[in-house]
Amino acid sequence: QITLATGEAFTAEVTIIGAASANATRTFRVELTTKNPGHVKDGITANATILVGDTGGYLVPRNALVISDDGVTGIRIAEPSKSADHADQVTVRFVSVTLLTDTAAGVWIELLDESLNNRSLQLITRGQNYVMPGQMVIAVPRTAQES
């Protein structure tokens, strides 16, 4: 929704979102497109309200992000083994993600596999670049001193 300084309102579509925020303001450059009924002059001041849906997200350390062989950004997680012969092991799985925002505490991501949302995940944060999807490994939980 765009509201001009004159009070006139229009519905608009977000067409461009800047890739990075301004350091000083932590704001993003955004462009909106709407049909001009013909009487709106170029350069008029307007306020915009952009509605976005709620999304679930995970806060992960930046170094947990990996790039697949196909160039897709994701994370590697450890899933319980389905084999009784390997009950002490977990299976490595690559999960594609969308980056939501970058903060001082880490990166907020959204999982592209919706079946994993709202689930507790065992994120691989050490050695994630040395294991491959489908590989069986023994997970070593973080100690309190490492947290």
Skipping prolines and chain starts, which residues have an amide H placed within reach, meaning under 5 Å, of the one on Val72, given they are 5 or more residues away or on another chain? none
According to the Kirkwood expression over distinct Cα-Cα pairs, how big is the hydrodynamic radius of the stretch 25-70, in Å? 16.0 Å
Along the stretch 42-51, Karplus-curve 3J(HN,Hα) (6.51, -1.76, 1.60; θ = phi - 60°) to the nearest Hz, with x for Gly and Pro, reads 4, x, 5, 6, 8, 10, 10, 10, 10, 8
Whole-Hz couplings from phi, Karplus 6.51/-1.76/1.60, listed for the stretch 15-22; x for Gly and Pro: 10, 9, 10, x, 6, 9, 7, 6
Taking trypsin sites (Lys or Arg not before Pro) as exposed when DSSP calls them loop (any state but H, G, I, E, B) and at most 15 other Cβ atoms lie within 10 Å, what is the longest stretch of the chain free of them, the sites themselves excluded? 42-81
One would report the Cα pair-distance distribution of the chain, bin width 10 Å, in %, as 9, 28, 25, 16, 12, 7, 2, 0
Select from the stretch 94-147 those GluC sites (Glu not before Pro) which occupy a DSSP coil region and have at most 11 other Cβ atoms within 10 Å, ordered by residue number. Glu146
Along each of the three principal axes of the Cα atoms of the stretch 20-107, give the extent in whole Å, ordering the values from largest to smallest. 74, 30, 26
Keeping all protein chains in place, calculate the accessible area per residue for the chain (probe 1.4 angstrom), answer in Å². 73 Å²
Would you mind telling me which residue in Leu59, Leu99, Leu51 has the biggest mean-square fluctuation in a Gaussian network model of the chain, where springs connect alpha carbons within a distance under 10 angstrom? Leu51
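The values are calculated or read from the model by the stated rules, or taken from the named source; none is laboratory data. For clarity, every value in this text was computed on a predicted model and none was experimentally measured. Please note: Cβ atoms are built from the backbone with ideal geometry, for glycine as well, and neighbour counts cover all protein chains shown. When the accessible area is computed, the model is the full protein with side chains, heavy atoms only, and any ligands, DNA or RNA have been set aside. Shrake-Rupley method; radii C 1.70, N 1.55, O 1.52, S 1.80 Å.
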